[in-house]
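Here's the structure we're looking at; comments come further down.
The values are calculated or read from the model by the stated rules, or taken from the named source; none is laboratory data. Quick caveat, the model's predicted, so the values are computed rather than measured. Virtual Cβ from ideal backbone geometry, glycine too; neighbours counted across all protein chains shown.
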Ligand SMILES: [Zn+2]
């Protein structure tokens, strides 16, 4: 439900899909991240060259919400929404979608309790917001795909229990920009896949 960034040069490319194969993009972002909410970064860096897609090189991916869920507002949503909202009961476990390193575990007036993970061997960052409680991990800590990182809540500016999930190409408020996370989420949503097969 939050849009931490008022405006920016958005990269609405299909790179989210390429995230599934991020083993190919072993770029390192060294820019120091800014605090959430400071925004002010008016330009995103030029996108990195896209490596050839190699499915066999994909690292393990786990849908971040471990329970019944439904999709609410998507990216943009007519209000500069920087992520996708996944509705789920408060208390539903959240896990790291991919292996990486925790960048931030903080509280923000709009984001509530939030967590940012720098995905291993990629330029991408993942942000989880509105957690019911502070994430049970620490900045700098490595996390494995599927490792618990908190529970769904409605802290901050949230109307209803949900995960606000952001996918950043580049560093979160550190030179990167949020991109539409829906292709990524749908590609790793086991329930969604089962539902499709059932029809
Ligand atoms: Zn949201």
Practice task
Sort out which residues of segment 70-79 are surrounded by 15 or more Cβ atoms within 10 Å (Cβ to Cβ) and more than 16 Å from the chain's Cα centre (by Cα), and write them in order of number.
Solution key: 77
Practice task
Would you check if residue 119 is closer than 19 Å to residue 186 by Cβ and more than 16 Å from the ligand (Cβ to nearest atom)?
Solution key: yes
Practice task
Kindly list the number of the only condition in (1) under 19 Å from residue 80 (Cβ atoms); (2) within 13 Å of the ligand (Cβ to nearest atom) that fails for residue 176.
Solution key: (2)
Practice task
Would you mind stating whether residue 150 is outside any loop (DSSP other than H, G, I, E, B), more than 13 Å from the ligand (Cβ to nearest atom), at pLDDT 95 or above and over 13 Å from the mean Cα position of the chain (by Cα)?
Solution key: yes
Completion exercise
Residue count, segment 61-78, condition in contact (Cβ under 8 Å) with a residue 40 or more places away in the chain, in a loop (DSSP other than H, G, I, E, B) and farther than 21 Å from residue 91 by Cβ, comes to 4
Fill in the blank from the handout: Residue hits (segment 153-172; more than 13 Å from the ligand (Cβ to nearest atom) and either assigned to a loop (DSSP other than H, G, I, E, B) or on the phi > 0 side of the Ramachandran plot (or both)) are 170, 171, 172
Practice task
Output yes when any residue across segment 160-173 is out of contact with any helix residue (DSSP H, G or I) (no Cβ under 7 Å at 6 or more places or on another chain) and at pLDDT below 95, and no when none is.
Solution key: no
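Which residues, counting only those in segment 142-170, are more than 28 Å from residue 76 (Cβ to Cβ), crowded, with 16+ Cβ neighbours inside 10 Å and free of Cβ contacts under 8 Å to residues at least 60 places away in the same chain? Reasoning before the result, please.
Initial filter on segment 142-170 (more than 28 Å from residue 76 (Cβ to Cβ)): 142-144, 146-148.
Of the ones still in play, those that are also crowded, with 16+ Cβ neighbours inside 10 Å are 143, 146-147.
Of everything in segment 142-170, those that are more than 28 Å from residue 76 (Cβ to Cβ), crowded, with 16+ Cβ neighbours inside 10 Å and free of Cβ contacts under 8 Å to residues at least 60 places away in the same chain turn out to be 143, 147.
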Handout entry: Matching residues, segment 91-124, being modelled with pLDDT of 95 or more, outside any strand (DSSP E or B) and at positive phi
Key = 91
Handout entry: Criterion: touching a helix residue (DSSP H, G or I) at 6+ places or on another chain (Cβ under 8 Å), within 19 Å of residue 180 (Cα to Cα) and within 16 Å of the ligand (Cβ to nearest atom) - qualifying residue of 111, 84
Key = 84
Exercise for the section: Tell me, please, whether a residue that is within 16 Å of the ligand (Cβ to nearest atom) and either more than 22 Å from residue 69 (Cα to Cα) or in a helix (DSSP H, G or I) (or both) can be found in segment 185-199. Expected result: yes
Exercise for the section: Determine, yes or no, whether residue 127 is assigned to a strand (DSSP E or B) and within 19 Å of residue 61 (Cβ to Cβ). Expected result: yes
